[in-house]
Amino acid sequence: MSRTKKGPELKSKIRLEYELKSSPKILFSYLSSPNGLAQWFANDVVYKDGTYHFIWDDETQRAKMVINKDNRIVRFKWDDEDPNSYLEFEILQDELTNDVALAVTDFAIESDKEDKILIWNNQVEDLIHVLGA
């Protein structure tokens, strides 16, 4: 999933939710660790000097993890993006049924919004496959 920068256009928030058959603890490892993220999100992820290096084909994007609440939420801030945008993974668990869902928050310019949603649908399908869920 390449995160190509698109000039000064204003980005709007996208929040998507996906039901998953996984425990929050196992899911969280795929959202927060370089090895877990490399299995479904990027071709490779390297953590060095407090920065995550996400590698897609011949492109590398750097991000810092700015929120990390065990088994609940992780947020990344891209180095070269709008200061108000971020990538967030939140694990939601229904208190009555214990059903687990993943909420993804990302940002896109209006003309890229539909494509970004399709990309996330595909990425989360990869995650579900990796989880065996």
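The values are calculated or read from the model by the stated rules, or taken from the named source; none is laboratory data. In this text the structure is predicted, and so the values were computed from the model without any measurement. Backbone-built Cβ (ideal geometry, glycine too); neighbour counts: all protein chains shown.
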Next item on the list: Please give the number of the condition Trp40 fails out of (1) surrounded by 15 or more Cβ atoms within 10 Å (Cβ to Cβ); (2) of a type in the set (A, V, I, L, M, F, W, C); (3) assigned to a strand (DSSP E or B).
Entry: (3)
Check: Inside region 100-125, can you point out the residues that are within 13 Å of the chain's Cα centre (by Cα) and among the hydrophobic types (A, V, I, L, M, F, W, C)?
Finding: Leu102, Ala103, Val104, Phe107, Ile117, Ile119, Trp120, Val124
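What do you reckon, is Ile14 among the hydrophobic types (A, V, I, L, M, F, W, C), in a strand (DSSP E or B) and in contact with a Phe, Trp or Tyr (Cβ under 9 Å, 6 or more places away or on another chain)?
On the way: among the hydrophobic types (A, V, I, L, M, F, W, C): yes; in a strand (DSSP E or B): yes; in contact with a Phe, Trp or Tyr (Cβ under 9 Å, 6 or more places away or on another chain): yes.
Here the answer is yes, as Ile14 does meet what is asked.
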Next item on the list: Note down all Cβ pairs under 9 Å where the first residue falls in region 30-52 and is in contact (Cβ under 8 Å) with a residue 40 or more places away in the chain and more than 19 Å from Leu20 (Cα to Cα), the second is surrounded by 18 or more Cβ atoms within 10 Å (Cβ to Cβ) and not aliphatic (A, V, I, L, M), and they're at least six residues apart or on different chains.
Entry: Ala42/Phe54; Ala42/Gln61
Item checked: Number of the condition not met by Asp126 [criteria: (1) in contact (Cβ under 8 Å) with a residue 24 or more places away in the chain; (2) in a loop (DSSP other than H, G, I, E, B)] -> (2)
Item checked: Only listed residue being among the charged types (D, E, K, R), out of contact with any Leu (no Cβ under 6 Å at 6 or more places or on another chain) and modelled with pLDDT of 95 or more, chosen from Glu81, Glu17, Glu95 -> Glu17
Checklist line | Residues satisfying the stated conditions in region 94-112, i.e. of a type outside the set (Val, Ile, Thr) and either under 20 Å from Glu19 (Cα atoms) or surrounded by 14 or more Cβ atoms within 10 Å (Cβ to Cβ) (or both) | finding: Asp94, Glu95, Leu96, Asn98, Asp99, Ala101, Leu102, Ala103, Asp106, Phe107, Ala108, Asp112
